[in-house]
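First the structure, in the form of structure tokens, and then the observations on it.
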Amino acid sequence: MAVKKEAISYEDIVRAVRAGKYAPVYYLMGEEEYYIDKLSEFIADSALKEDEKDFNLTICYGSDVSVDDIITAAKRYPMMAERQVVWVREAQQLLDIDNLASYLEHPQPSTVLILCHKRGVLDKRKKLAGEIQKVGVLFESKKLKENQLPGFVTSYMKRKELLMDQNAVMMMCEHVGDDLSRMTGELDKLILALSEGEKRVTADFVERNVGISKDYNNFELLSALIDKDVLKVNRIVKYFNNNPKSFVLQPTLSTLFGFFSNLMVAYYAPNKTEEGIAEWIDQSVWQVRKNILPGLKNFSGVKTMQIIEKIREADAKSKGIGNTLATSGELLMELTHFILH
């Protein structure tokens, strides 16, 4: 029986390139554009010295060329350099992509061919995918799961030799979402705003420089609901209600639905330790410790199911189904009252 080939990771590719090991072809594809952009830039910059790029770097777009054009460019020899790079952006627009398989049977050893296929993937059942995997790299850049985003932010800041408080991390995740290009852009702005020698990013610093309130956000609302802190919940809901231009109900409902759905699943975890629950619901131990364990203590399974149904009802009403009068703030007030009582 054939052994399934393990998917190659972003780190695997970076490690090989840093060691000077270049594949004849890199097919970078998927929904998460950030890793496609970073890898293609990294490979091209590593494969060629700056003074070699004028004659040995070819950049083209799938909408402007055919596969025959790409093969012709790839078969050329480098000029006064060890290798050349042919970089195809928007490769998903190539109409005759399957024709590339013939080139991959005998790729030019001195050419590094990079194809960037965004917002989709190559059909892995086709011959081309198999040919790429035989001689080169077929990499799928997947969107990060919600529970992976805090780790991405923390790791990004660590690479910049900075620490970021967990509350600040969660604020950024909630505010920016899973668009990694936008996230790194916002983090870079924070880094530029730091005073010389400052190595820690706090929630207060995020509030001052990104415009997110550290006291009035979905992260704090969820925390207050889990703790059943009625006063704090009412204060946050009142703030949201009084600031309709800066409050959108759907992200709040999404945050609440995500938590209570995970809480419902956590009730069925065979191992009720922090680590056991974290593995069962695919969340970090930190999130389990901060939110799930207190949630298990303060909400019964039956109440959790009822809350999930209420969140769905509030979402429907916010979209005009069965509701003609209530504002977003009023719907949130009704929902949080049900959760607390």
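With a cut-off of 8 Å between alpha carbons and a minimum separation of six or more residues, what is the relative contact order of the chain in percent?
14 percent
As I understand it, the dipole of the chain uses +1 on the Cβ of Lys and Arg and -1 on the Cβ of Asp and Glu, about the Cα centre. Which of Ala266, Asn243, Asn56 lies farthest toward its positive end?
Looking along the dipole axis, the top candidate is Ala266.
Return the long-range amide H neighbours of Val25 (sequence gap of 5 or more, or a different chain), with a cut-off of under 5 Å between placed amide H atoms.
HN-HN under 5 Å from Val25: Leu113, Val137.
How would Leu28, Leu221, Leu162, Leu231 line up from fewest to most surrounding beta-carbon atoms within 10 angstrom?
Leu231, Leu162, Leu221, Leu28
Most mobile of Met80, Met157, Met170 per a Gaussian network model of the chain (Cα springs, under 10 Å)?
Result: Met80 has the largest fluctuation of those listed.
Convex hull over the alpha-carbon atoms of the stretch 146-210: what's its volume per residue in Å³?
In the stretch 146-210, the Cα hull volume divided by residue count equals 71 Å³.
Rg to Rh for the stretch 218-340: what is it, with Cα atoms only and Rh by Kirkwood?
Working: Rg = 14.8 Å, Rh = 14.9 Å.
Using only Cα positions, Rg/Rh for the stretch 218-340 is 0.99.
Taking the chain as a Gaussian network, Cα atoms linked when under 10 Å apart, which of Met79, Met172, Met164 shows the biggest mean-square fluctuation?
In this elastic network of the chain, the residue with the biggest mean-square fluctuation among Met79, Met172, Met164 is Met79.
Taking only DSSP H segments of four or more residues, each worth -39500 (n - 2.57), what value at 222 nm results for the chain once the sum is divided by all its residues, to the nearest 500 deg cm²/dmol?
-16000 deg cm²/dmol
In Å and whole numbers, how far do the C-alpha atoms of the stretch 10-141 stretch along each principal axis, longest first?
Here the Cα extents, ordered largest to smallest, are 38, 31, 26 Å.
Pop out the ³J(HN,Hα) list for the stretch 23-35 in order, Karplus 6.51 cos²θ - 1.76 cosθ + 1.60 with θ = phi - 60°, rounded to Hz; leave Gly and Pro as x.
8, x, 8, 10, 10, 9, 9, x, 7, 8, 5, 4, 5
Would you mind ranking Trp286, Trp280 so that the residue whose beta carbon has the fewest other beta carbons within 10 Å leads the list?
Taking fewest neighbouring Cβ atoms as first place, the list is Trp286, Trp280.
Against the empirical 2.2 N^0.38 Å scaling, what ratio does the C-alpha Rg of the chain come to?
Expressed relative to 2.2 N^0.38 Å, the Cα Rg reads 1.24.
Using the Karplus equation 6.51 cos²θ - 1.76 cosθ + 1.60 (θ = phi - 60°), what ³J(HN,Hα) coupling, rounded to whole Hz, does each residue of the stretch 42-59 give in order, writing x for Gly and Pro?
My calculation for the stretch 42-59 gives 5, 5, 4, 5, 7, 6, 10, 6, 4, 7, 9, 6, 4, 9, 10, 10, 10, 10 Hz in order.
Sort the stretch 173-220 into rounded, prolate or oblate with this rule: let a ≥ b ≥ c be the square roots of the eigenvalues of the Cα gyration tensor; rounded if a/c is under 1.5, and if a/c is not under 1.5, prolate when a/b is larger than b/c, oblate otherwise.
oblate
Defining a contact as two alpha carbons under 8 Å apart and six or more residues distant in sequence, what relative contact order in percent does the stretch 91-182 show?
RCO, the stretch 91-182: 23 percent.
Measure up Lys160/Lys199; Lys214/Lys303; Lys214/Lys297 against 19 Å on the Cα-Cα distance and list the ones that go over.
Violating the 19 Å limit, Cα to Cα: Lys214/Lys303; Lys214/Lys297.
Given the options Ile43, Ile59, Ile308, state which has the largest fluctuation in a GNM of the chain using a 10 Å cut-off (strictly under) for Cα springs.
Of Ile43, Ile59, Ile308, the Gaussian network model singles out Ile59 as fluctuating most.
Relative contact order for the stretch 10-141: what is it in percent, counting Cα pairs under 8 Å that are at least 6 residues apart?
The normalised contact order for the stretch 10-141 reaches 39 percent.
For Thr304, Thr184, what ranking results if the residue with the fewest other Cβ atoms within 10 Å of its Cβ goes first?
Thr184, Thr304
Which entries of Lys142/Lys290; Lys38/Lys145; Lys158/Lys272; Lys143/Lys310; Lys189/Lys238 show an alpha-carbon separation above 23 angstrom in the structure shown?
Working: Lys142/Lys290 27 Å; Lys38/Lys145 19 Å; Lys158/Lys272 31 Å; Lys143/Lys310 29 Å; Lys189/Lys238 31 Å.
Going by Cα-Cα distance, Lys142/Lys290; Lys158/Lys272; Lys143/Lys310; Lys189/Lys238 fall outside the 23 Å limit.
Given charges of +1 on the Cβ of Lys and Arg and -1 on the Cβ of Asp and Glu, with all other atoms neutral, how large is the dipole of the chain about its Cα centre, in debye to the nearest 20?
Working: 45 positive and 49 negative charges, 169 e Å.
Here the chain has a charge dipole of around 820 debye.
Rule-based calculations on the coordinates, nothing more; no lab input. In this text the structure is predicted, and so the values were computed from the model without any measurement. Cβ atoms come from the backbone with ideal geometry, glycine included; neighbour counts cover every protein chain shown.
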